Amino acid sequence: MLLKVIILGDSGYVNNKFSNQYKATIGADFLTKEVKIDDRLFTLQIWDTAGQERFQSLGVAFYRGADCCVLVYDVNVTKSFEKLNNWREEFLIQASPSDPENFPFVLLGNKIDVDGGNSRTVSEKKAKAWCASKGNIPYFETSAKEGFNVEAAFECIARNAIKNEPEEDM
């Protein structure tokens, strides 16, 4: 089963952080990742627009039909965290999901490996509080560079995307 996942976050934080297999397209990087859940194989079709504001007009095409939206910020850059509300709202406007209140989002705090964690400006507590305020969005702290927590994050992303699928499509 194919699940469409959109990754959003400020430029430079998302691109090439989760896979070496990205292929550049006009306005988005694209990759597929297979995830096994309950003995079923799911293919995540991952679209990363990576904050490319100059392609904002293409947003509707990229976002429409998404099964899950992953918001990514750099734990060492407060500004990237502060823009999460904008990214979330922009997604909901562009994708116009049928049930915006319950649309599945996942938040990833990336780059936890940088400087042994000494450069960190956004606490885990602050990120979890933000998630709680948005309907308990799942939260993962990751190091895409080190591969830390990336598999667990993608499994959660797939599980959340499945929730958005009608039973007959499963």
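Scalar couplings 3J(HN,Hα) for the stretch 104-113, obtained by applying the Karplus form with A = 6.51, B = -1.76, C = 1.60 to θ = phi - 60°, are x, 10, 9, 10, 10, x, 9, 6, 6, 7 Hz; x denotes Gly and Pro. Each residue of the stretch 31-43 was assigned a 3J(HN,Hα) from its phi angle through the Karplus curve 6.51 cos²θ - 1.76 cosθ + 1.60 (θ = phi - 60°); the sequence is 8, 10, 9, 8, 10, 9, 9, 6, 6, 10, 9, 10, 9 Hz, with glycine and proline shown as x.
Values quoted throughout were computed directly from the atomic coordinates according to the rules given, and no laboratory measurement underlies them. The structure displayed is predicted, hence computed values, not measured ones.
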